[in-house]
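Below is one structure, written out as structure tokens, with a few remarks after it.
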Amino acid sequence: MNVGAETSIGRVRDTNEDAFWADKGLLVVCDGMGGHQAGEVASAMAVNSIRSYPFQFQDSAAEVREAILKAHAEIAKAAAQDPAMHGMGTTVTMALCIDAPDGAEVVVGHVGDSRCYAYVNGELCRITNDHSVVGELTRQGTISPEEAVLHPQRHVLSQALGIGEVEVEVHRVFLPSGARILLCSDGLTDVLSDAEIKQQIAKAVPQEAAKNLVALANAHGGRDNITVIVAQVP
């Protein structure tokens, strides 16, 4: 796959609590949370745990779920053992891309409010749901997508790795040759609309698209850390 990746601390935060991995068909974006740099620790732990998971591609959906739950358990254990890390957690959005005739089978695993999108035949569609208070309210129709953008609880997660119980969201999709997949932290989607994201993905090769998206998010204020992975199916 042709893969581009870019991350930025943004223009407001003091540290970058995002972590990512993009290699050999495994794409991962994590956005950490917690004081005293605990968020940075949690996101790095999640990425390292998932990238070291021994995927066998026998039941890829089950393996993706298991890899995420393994990371969840490791973060929770580390937080319990170190008072400074208490309460740390992270989102995770990952894609396991498996070569298939005329495209790729993509298994997406997800907890939190980072996102995965697919760009196919000129259309951008979101694959994942936001596991957040506002995400739930939007799906219930209680608030509109426009209201969600400004809601005061838009960053309150309903679940995150390392904290309480998690239910991993898993999707399996086929992407044809030439299609693209986007993984990103909410530092991108908080400030850019889906239409703006689509415009950048459509007009540039993956690395340039990732770089342009991060630059555009920073131009819109860079209120949070920003991480973007763009991959094109061969």
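Each value in this text was obtained by applying a stated rule to the coordinates, not by laboratory testing. All values derive from a computational prediction rather than experimental measurement.
Provide the per-residue ³J(HN,Hα) series for segment 156-161, in order, calculated from phi with Karplus coefficients 6.51, -1.76, 1.60 and θ = phi - 60°, each as a whole number of Hz, with x at glycine and proline positions.
In residue order, the calculated couplings are 8, 7, 8, 7, 7, 4 Hz.
When the Cα centres of segment 177-220 and segment 53-69 are compared, how far apart do they sit, in Å?
28
Please give the contour-minus-distance gain from Glu167 to Ala84: 0.36 nm per residue of separation, less the Cα-Cα distance, rounded to one decimal in nm. Display every interim value, and only then the final one.
On the way: separation 83, 0.36 × 83 = 29.88 nm, distance 2.59 nm.
Full extension from Glu167 to Ala84 adds 27.3 nm.
Do the sum for the chain: with -39,500 (n - 2.57) for every DSSP H run of n ≥ 4, divided by all residues, what is the mean residue ellipticity at 222 nm, to the nearest 500 deg cm²/dmol?
Numbers: 7 runs with 78 residues, N = 234.
Helices in the chain give a 222 nm mean residue ellipticity of -10000 deg cm²/dmol.
Lysine pairs in the chain with Cα distance under 25 Å, only those 8 or more apart or on different chains: how many are there? Please list the in-between numbers first.
Details: Lys24/Lys70; Lys24/Lys198; Lys24/Lys203; Lys24/Lys211; Lys198/Lys211; Lys203/Lys211.
Lysine pair count for the chain: 6.
Looking only at His86, His72, His110, which one moves most when the chain is put into a Gaussian network model with springs between Cα atoms under 10 Å?
His86
Only helices at least 24 Å long along their axis, Cα-based, and averaging 0.0 or more on Kyte-Doolittle count here, so list those DSSP H runs from the chain.
Values: long enough: 60-81 (32 Å, 0.13).
What comes out of the filter, once short or polar helices are dropped, is 60-81.
Determine ³J(HN,Hα), in whole Hz, for all residues of segment 180-190 in sequence, where each value follows from phi through the Karplus function 6.51 cos²θ - 1.76 cosθ + 1.60 and θ = phi - 60°; x replaces Gly and Pro.
10, 10, 10, 10, 7, 7, 6, x, 7, 6, 5
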